[in-house]
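A.B. asks: I have a structure here, written as structure tokens, and I will follow up with some questions on it.
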Amino acid sequence: MNRRNFISSSVLSSITLAIGTTVVYGKVIPVGYTPIAMQEPDPFKLFNISEQMNVLNDRPWNIESKAHLLNDMVTPNKYMFIRNNGIMPEDINVDTWKLKVEGESALSSKEYTLSDLKQKFKHYTYQLTLECGGNGRKEFNPPAKGNQWGVGAVHCSNWTGVRLKDVLDDVGLKPNAVYVAYYAADLHLSRNPEKEPISRGVPLSKALEDETLIAFQLNGEDIPIAHGHPLRLVAGGWPASVSGKWLTRIRIRDVVHDGAKMTGQSYRVPKNPVAPGEIVDDKDMVIIESMPVKSLITSPKTGAVLTKNRSLKIKGHAWAGDLKVNKMEYSIDFGSTWKPCSLSDPINRLAWQHFEAKVDFPENGYYEIWARATDSNGKSQPMIIPGWNPKGYLNNACHRIAIKVEV
Amino acid sequence: MQPDQFNKQLKLLRNGLCLFVIALMSLGGFVVLYTFYPESSLFTVKEANQKQFETSDSLSVPLVNSQEGEYDLETGFIEDVGMSAVVNNCTNCHSARLVTQNRMSREAWKATIKWMQETQNLWDLGEKEPIILDYLAKNYAPESKGRRQNLTIDKWYVLEQ
């Protein structure tokens, strides 16, 4: 029996109300409200993820990873953050699923089944860094509205699919095409089918990059429901919200797309820097494109106590949106001096890079290890929280872990 | 006299029967609910929710802002005047966690409500709006965090070297 139907049947909800007043520590369950435990199953089982993941929000589901869980070179599903704007589609039939490609700047309008896509176009696999635009929001002061992400809203997994540009080429582009938008099968939180929870997209130049995929596989398997089963648009290096899940329609636009969460203040930052807490007009906000340079120390987990020797190997990843990371450094003296880390090349463009270093501590005591990446344009991560913005996006302040040396 | 007494007794009997039926229905409801839904929070709520608070690492209900404050076990909201209005109006589309993890001034909470009304199908809150705003502004007000906070460590551990 479906839990939701069971609970919402009028007979039982009145029983719930009747006994709610007498049994449950004298508290009235408000009319129409079903307790969290009744609404949804265990998220860790539901999404097959680690119980160490941090559930920020259960309706919609927003679940965060942690620095030390992201130590794998390729992020497995169990440690991938989950970010939703709406309600995930419930009944997905892969046999009847269709992707429609159309728009005012399309030369034709075509519909593809999953097998059409898989058979007609060449497959590519890329490891792509997807980071939530609001990763790090938690640290902004004054606080910014939204899910309070710490450092774990990033992953870099393998995506397999067809190139968006091959599909666009099949439909044909008019010369006035400027933006490629997605529409999806998820449902608005209000359950109003007229409303889109989110419909974003990318400028044509990003859409035509080799690495921008219409993906059907994650790490070699069907994409899990939480990450967009059966089809996801994947554009690495940009806020992960441009990588639309449960893809049903692609629209080639002759204007900058104006779908849900494209306009207003969503996924936008002030055009010019503002003072913390300042109110910014919508017209002075610009769409976030490439994400800024950033890095994470993924090993060891913060809070390590060294008791045998004063030397420690650290590991982590660094990424820089559309760019490459050119330099990786660490500091154990709060940024007074910096030492280099070894840094790998990305396995492909838009994949994160791995770093390592051997850290030697001069004496016993409390230390913080700070990590700082520098991108191919010479921009480094700031040590304190970067420019405040109303929605708390793009916090790329250096990652820090705490270590005690007690040898 | 006699019909009056008869009526009185009938009334008493009716009332008694009524109470009995209500009691029986409640009991029946309990049994039905327990049969179909033994893990219901109505039966397990105390342990389950207390556990949730203890293991704040995985399912974190933020315990902030109020030292002696009590928390509603169902939602995690701080118990205070206006909480039921917040539950009734603010948890229909999204869960309480979206509220409790945020900290805003009264103006910012108001702007958030306005944004939800303009874009997210939130209804007019009517006379409840000031009650809701008072509750949110008092219990979920911003605290100054500075430009970078100290690191907090849940648990120090000895690293195998």
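The values are calculated or read from the model by the stated rules, or taken from the named source; none is laboratory data. All values derive from a computational prediction rather than experimental measurement. Heads up, the Cβs are rebuilt from the backbone with ideal geometry, glycines too, and the neighbour counts pull from every protein chain shown. Accessible surface areas use protein heavy atoms only, side chains included; no ligands, DNA or RNA. Shrake-Rupley method; radii C 1.70, N 1.55, O 1.52, S 1.80 Å.
A.B. asks: So, B:L151, is that one under 24 Å from A:G150 (Cα atoms) and part of a helix (DSSP H, G or I) or not?
C.D. replies: No: the conditions fail for B:L151.
A.B. asks: While we're on this one: How many residues does the stretch A:219-228 hold that are open to solvent by 10 Å² or more (accessible area, probe 1.4 Å) and either among the hydrophobic types (A, V, I, L, M, F, W, C) or closer than 19 Å to A:E131 by Cα (or both)?
C.D. replies: 3
A.B. asks: How about the stretch A:210-230: which of its residues are part of a loop (DSSP other than H, G, I, E, B), within 15 Å of A:L168 (Cβ to Cβ) and touching a residue at least 60 places away in the same chain (Cβ under 8 Å)?
C.D. replies: Within the stretch A:210-230, A:D210, A:E211 qualify.
A.B. asks: Additional query: In the stretch A:59-148, which strands (runs of 3 or more DSSP E) lie fully inside it and hold 2 or more residues that are open to solvent by less than 20 Å² (accessible area, probe 1.4 Å)?
C.D. replies: The strands (runs of 3 or more DSSP E) meeting that bar are A:61-64, A:98-102, A:123-131.
A.B. asks: Specify the residue that is farthest from the other protein chains (Cβ to nearest Cβ); the eligible residues are those in the stretch B:68-100 that are open to solvent by 40 Å² or more (accessible area, probe 1.4 Å), of a type outside the set (S, T, N, Q) and part of a loop (DSSP other than H, G, I, E, B).
C.D. replies: Per the stated criteria, the residue is B:E68.
A.B. asks: Which of the residues belonging to the stretch A:184-208 are in contact with a Phe, Trp or Tyr (Cβ under 9 Å, 6 or more places away or on another chain), farther than 20 Å from A:I288 by Cβ and charged (D, E, K, R)?
C.D. replies: A:D186
A.B. asks: Does A:D282 satisfy the condition of being within 14 Å of another protein chain (Cβ to nearest Cβ) and open to solvent by 50 Å² or more (accessible area, probe 1.4 Å)?
C.D. replies: Yes, satisfied.
A.B. asks: While we're here: Hey, can you tell me all the residues within the stretch A:346-365 that are farther than 14 Å from A:I297 by Cβ, not charged (D, E, K, R) and not in a strand (DSSP E or B)?
C.D. replies: Matches in the stretch A:346-365: A:P346, A:I347, A:N348, A:L350, A:A351, A:F361, A:P362, A:N364.
A.B. asks: Looking at the stretch A:163-172 only, could you name the residues that are more than 29 Å from the chain's Cα centre (by Cα) and open to solvent by 40 Å² or more (accessible area, probe 1.4 Å)?
C.D. replies: Of everything in the stretch A:163-172, just one residue is more than 29 Å from the chain's Cα centre (by Cα) and open to solvent by 40 Å² or more (accessible area, probe 1.4 Å), namely A:D170.
Here is a yes/no grid of residues against (1) open to solvent by 50 Å² or more (accessible area, probe 1.4 Å); (2) in a loop (DSSP other than H, G, I, E, B); (3) closer than 30 Å to A:V280 by Cα:
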| residue | (1), (2), (3) |
| --- | --- |
| A:T298 | no, no, no |
| A:L312 | no, no, no |
| A:H317 | no, no, no |
| A:S336 | yes, yes, no |
| A:Y367 | no, no, no |
| A:T374 | no, no, yes |
| A:P382 | no, yes, yes |
| A:I385 | no, yes, yes |
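A.B. asks: Restricting to the stretch A:231-279, and then to whatever is among the aliphatic types (A, V, I, L, M) and in a strand (DSSP E or B), can you tell me which residue is most open to solvent (accessible area, probe 1.4 Å)?
C.D. replies: The residue in question is A:V269.
A.B. asks: Still on this structure, please answer the following. (1) in contact with a helix residue (DSSP H, G or I) (Cβ under 8 Å, 6 or more places away or on another chain); (2) on the phi > 0 side of the Ramachandran plot: which one isn't true of A:G103, the others all being true?
C.D. replies: (1)
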